[in-house]
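I have placed the structure first, in the form of structure tokens, so that the comments after it can refer back to it.
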Amino acid sequence: MQHFAMFGVVHECSCMLLLNRWAISRLYYMMGENRKITRSRLVTSNLLHHQHLHGHGSVSEVSSLVDETLGKRPLNGQKDTLVYSVFASTWNVGGITPSDDLDLEDWLDTRANAYDIYVLGFQEIVPLNARNVLGPRNSCVSAKWNSLIGKALNKKYREEGAKLNQESTNSSAKEGSMEGEGFRCIRSKQMVGIFTSVWVRSNLRPLIHHLDVSCIGSGIMGCLGNKGSVSIRFVLHETSFCVVCCHLASGGKQGDVLLRNLDVADILTRTWFPGLATQELPEKILDHDQVVLLGDLNYRISLEEAETRSLVRAKNWAILLENDQLLFEFSRGRHFEGWQEGLITFSPTYKYQPNSDQYQYYWCFDSARSEKKRAPAWCDRILWRGKGLKQVQYETCSYRLSDHRPVRAVFHAECDVLSEGMVQK
């Protein structure tokens, strides 16, 4: 009861700030900034052209780009560049605690592939209620997710180790053969329901330095952690990376898109990493060499509910994408200037009925189920920026744990290295 009483006080205190955000929203609307999105064919063409320029539909389309010696030798014969594979994924798990036997191998694509770096972002790993928003952090759930991730990433190495134990009695030989194998979590961080976890091959860990974390709350009162971002910075060889996991303002009402834009601007402005007096290090997100921003960005489709429902049933993704709010923001070139996104060839990632591949189509309040039903949308996205970072895969996968589907991408990342820093995988 104490938590709920406290939440009531916070709610009252936040009214003015929320009203201020609403007033700003309304002002922009009156100025014509938040008018209904109706595009000419020229704008539509530009949006689709943007996607074709900055993304790939499938691995088969870019198979010619994949170097068989990826991560093992310098690119194009240069002495100072290595290429690493990066797996990135975002997943809003809807406050559902995973079972002990949840198999993440399909999500992490470990049966067919093994990447050098895994950057994983979750939203709503705990329910966003007053107790979790205002109370002490519940780290048990994030620890469980990390345990399941490690189990999936290292399954092959554990099995190989067990086989080696049976075949060899020489302990030093066993230790030497398994040295440097597998994956390690180099940093993870939870803020309420937002959770970011970064894993690398064990033999890459000595080459990674200047790990730091920055958390930005942009939820209730503009500062609590029910919405916001958790960012992790690290440097591999001489190249700086930043991973930004976001959960932006929700809602499909007129003006909500502006609140999401304000959240993005707030995260980019307030996120800060410590520097060093003896070495120049990037302190802001956009200062890094390569950046991946992923999460439940919550951008919706700006069409009437009935039309959206009809187009989703017809699987007419092209028309829906013409009215995607995030792609429209790309076309304006303001908050997302310099950012890129791959070509979207998958179905909307939200909102699904529980344990089903069927969407919830309506925007009305369902009193029987006591939950709001939303029109489908591509809420879950992966963006990137930076020289030497190329996306080669962008897709979703069909885990039915929550009302969102996880989205994942694969990148090839060029890293500057010193001659003595070049290693074989």
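The values are calculated or read from the model by the stated rules, or taken from the named source; none is laboratory data. Here the structure is a predicted model, which is why all the values come from computation and not from measurement. No Cβ is skipped: glycine too gets one built from the backbone with ideal geometry, and neighbour counts run over all protein chains shown. Please note that ligands, DNA and RNA were not included when accessible areas were found on the heavy atoms of the full protein model with its side chains. Shrake-Rupley method; radii C 1.70, N 1.55, O 1.52, S 1.80 Å.
In the stretch 286-301, the qualifying residues are those that are surrounded by 19 or more Cβ atoms within 10 Å (Cβ to Cβ) and more than 19 Å from Phe87 (Cβ to Cβ), and the one that is farthest from the chain's Cα centre (by Cα) is Ile301.
Checking each residue in the stretch 79-109 for being in contact (Cβ under 8 Å) with a residue 60 or more places away in the chain, under 22 Å from Gly193 (Cα atoms), surrounded by fewer than 22 Cβ atoms within 10 Å (Cβ to Cβ) and of a type outside the set (A, V, I, L, M, F, W, C) picks out Gly94, Gly95, Pro98.
Within the stretch 99-145, the set of residues being over 21 Å from Phe183 (Cα atoms) and outside any helix (DSSP H, G or I) comprises Ser99, Gln123, Glu124, Ile125, Val126, Pro127, Leu128, Asn129, Gly135, Pro136, Arg137, Asn138.
Listed here are the residues, each with its yes/no results for (1) part of a strand (DSSP E or B); (2) open to solvent by less than 20 Å² (accessible area, probe 1.4 Å).
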{"position": "Ala375", "(1), (2)": "no, yes"}
{"position": "Lys387", "(1), (2)": "no, no"}
{"position": "Gln391", "(1), (2)": "yes, yes"}
{"position": "Tyr394", "(1), (2)": "yes, yes"}
{"position": "Leu401", "(1), (2)": "no, no"}
{"position": "Arg408", "(1), (2)": "yes, no"}
{"position": "His412", "(1), (2)": "yes, no"}
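Within the stretch 216-229, being assigned to a loop (DSSP other than H, G, I, E, B) and among the aliphatic types (A, V, I, L, M) holds for one residue alone: Leu224. Within the stretch 350-371, if we keep just the residues that are of a type in the set (Phe, Trp, Tyr), under 19 Å from Arg313 (Cα atoms) and in contact with a strand residue (DSSP E or B) (Cβ under 7 Å, 6 or more places away or on another chain), the residue that is modelled with the lowest pLDDT turns out to be Tyr359.
For the stretch 230-260, a residue qualifies if it is assigned to a helix (DSSP H, G or I) and open to solvent by 10 Å² or more (accessible area, probe 1.4 Å), and the qualifying residues are Asp256, Val257, Leu258, Leu259. In this structure, Asp263 qualifies as open to solvent by less than 10 Å² (accessible area, probe 1.4 Å) and of a type outside the set (Val, Ile, Thr). For Thr196, indicate whether it is among the polar types (S, T, N, Q) and under 19 Å from the mean Cα position of the chain (by Cα). For Thr196, the condition - among the polar types (S, T, N, Q) and under 19 Å from the mean Cα position of the chain (by Cα) - is met. Among the conditions (1) hydroxyl-bearing (Ser, Thr, Tyr); (2) open to solvent by 50 Å² or more (accessible area, probe 1.4 Å); (3) at pLDDT 95 or above; (4) in a loop (DSSP other than H, G, I, E, B), Thr278 misses just one, which is (3).
In the stretch 304-328, the qualifying residues are those that are in a loop (DSSP other than H, G, I, E, B) and without any contact (Cβ under 8 Å) to a residue 40 or more places away in the chain, and the one that is least open to solvent (accessible area, probe 1.4 Å) is Asn316. Restricting to the stretch 334-349, and then to whatever is open to solvent by 20 Å² or more (accessible area, probe 1.4 Å) and either touching a helix residue (DSSP H, G or I) at 6+ places or on another chain (Cβ under 6 Å) or closer than 24 Å to Gly251 by Cβ (or both), can you tell me which residue is modelled with the lowest pLDDT? So, considering only residues that are open to solvent by 20 Å² or more (accessible area, probe 1.4 Å) and either touching a helix residue (DSSP H, G or I) at 6+ places or on another chain (Cβ under 6 Å) or closer than 24 Å to Gly251 by Cβ (or both), the one modelled with the lowest pLDDT is Arg334. Within the stretch 216-229, the set of residues being surrounded by fewer than 17 Cβ atoms within 10 Å (Cβ to Cβ) and touching a strand residue (DSSP E or B) at 6+ places or on another chain (Cβ under 6 Å) comprises just one member, Cys223. Please determine whether any residue of the stretch 156-163 is open to solvent by 30 Å² or more (accessible area, probe 1.4 Å), modelled with pLDDT of 95 or more and not hydrophobic (A, V, I, L, M, F, W, C). No - not one qualifying residue is present in the stretch 156-163.
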